[in-house]
Amino acid sequence: MHPEHTPHVPAQRAVEVYQPTPYAPAVPVSAPVVPVQPGTVPAVASIVLPDGRVVTGYAINPAQPEPLAAKPAVSRTAVNVALGGAGFLAVCGGLVLLTSFIAALTAFITQLIILAAVIFGGWIAVQIFSTRGHQGGTTVNIRKAVIKRNHFRS
C-alpha cells in the first residue's frame, strides 16, 4: 500500500511559548524631575469592566489631526483651462475684427482710386470739349512751330 492511504493519527507537536522580555525604560540622566502642580485639575474617569474590575484614570482627549490645507473652491486646472479658452476666443475675435478692418480699408482705398479717376477723367473731358467749342482762348499748334536758336516761331 501507498503511504497516502494508510490511516495515521495526527502528530502532536510540541508547543513553545515565548515570553517577551521587558526592557527597562530609558531614563535620561538629566536634571531630576520636579513635580509641578497643574493649573487645573483634570477630570478623573472611572470605567467598570464587564468582569467587575474598576479602572480609574484621567480622560485623554483624542489627538486631533492637523487641518488640511484649505483647497480652493475651483481647481487650478479648471481655472487654467477657462483662461486659456477666454484667451483663445479673444485672439479669434481679434483676428475676425482685423480681417474685417482690412477688407473695409481695401474697399475704401478702391473707392478713393475710382473717385480720383472719375474726377481726373472729368476734368480732362472738360478741357478737351471746352477748347474746341470755345475759340476765344489762345491756341498753340505745335506742328507749325519751328524751333530756331531756342525760339519758338510760328
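The values are calculated or read from the model by the stated rules, or taken from the named source; none is laboratory data. Computed from a prediction, not measured in an experiment: that's the story for all the values here.
Just one of the numbered conditions (1) among the hydrophobic types (A, V, I, L, M, F, W, C); (2) in a strand (DSSP E or B); (3) modelled with pLDDT of 95 or more is not true of Phe152; which one? Exception for Phe152: condition (3).
Residue count for region 50-108 satisfying the condition of being in a loop (DSSP other than H, G, I, E, B) and not aliphatic (A, V, I, L, M): 13. Restricting Ala104, Ala145 to residues that are more than 21 Å from the chain's Cα centre (by Cα), among the hydrophobic types (A, V, I, L, M, F, W, C) and modelled with pLDDT of 90 or more narrows the list to Ala104.
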